[in-house]
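Q: My questions all concern the structure below.
Each value in this text was obtained by applying a stated rule to the coordinates, not by laboratory testing. Just so you know, these numbers come straight off a predicted model, no measurement behind them. Note that each Cβ is placed from the backbone with ideal geometry, even for glycine, and that neighbours are counted across all protein chains shown.
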Amino acid sequence: VMFFYILSFIITAVELFSQIFRHQVSDKLVLPAIYASLLVIGLAMAFTFYFIELNSPGSFTHIHQGDLAIGDLVYYSFMTQLTVGFGDIVPVTSMARSITIIFNVFAHFYEIVIVSIIVSKYLRSKDQ
């Protein structure tokens, strides 16, 4: 079941990204799509972290056990994505650390690509 949640979040992020990429001009509809896709990525990673924690308890420090862990891991996901990193929740297993690194690289690459697409489309629309 958890796999299908993660898969649906990833599919939604890809679809939002493709719509942003196909959009002709950067206007008021693009910005909500960007925010929505970043939220989807953050939630997909939170569920991924939760799946890791369920399969290997103790993968993250200072989180609640059981169902309450999802709230802590949503918080951890977005703090990691935003590069705030307070250090209150830390991945301690190699799997948790590896997935966190992959998530950071993917999230930052995604943000860079999205911003560059918007700026280039805005500049092209201004030149016309």
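Q: Between T48, F60, F103, whose Cα lies farthest towards the positive end of the dipole of the chain when Lys and Arg beta carbons carry +1 and Asp and Glu beta carbons carry -1, centred on the Cα centre?
A: Positive-end residue among those listed: F103.
Q: May I pose another question? Given a Förster distance of 35 angstrom, what is the FRET efficiency for V14 paired with Y75, based on the Cβ-Cβ distance and rounded to 0.05?
A: For R0 = 35 Å, the calculated efficiency reads 0.90.
Q: A further question on this structure: Which whole-number percent of Cα pairs in the chain have a distance greater than 24 Å?
A: For the chain, the fraction of Cα-Cα distances above 24 Å is 34 percent.
Q: Using R₀ = 30 Å, calculate the FRET efficiency as 1/(1 + (r/R₀)^6) where r is the Cβ-Cβ separation of S125 and N104; round to 0.05.
A: 0.40
Q: Just to be sure I understand the rule: take each whole DSSP H helix in the chain, project its Cα atoms onto its long axis, keep it if the span is 24 Å or more and its mean Kyte-Doolittle hydropathy is at least -0.5. Which ones pass?
A: 2-22, 30-55, 94-127
Q: Please give the charge dipole size of the chain, origin at the Cα centre, charges +1 on K and R Cβ atoms and -1 on D and E Cβ atoms. Round to the nearest 20 debye.
A: 480
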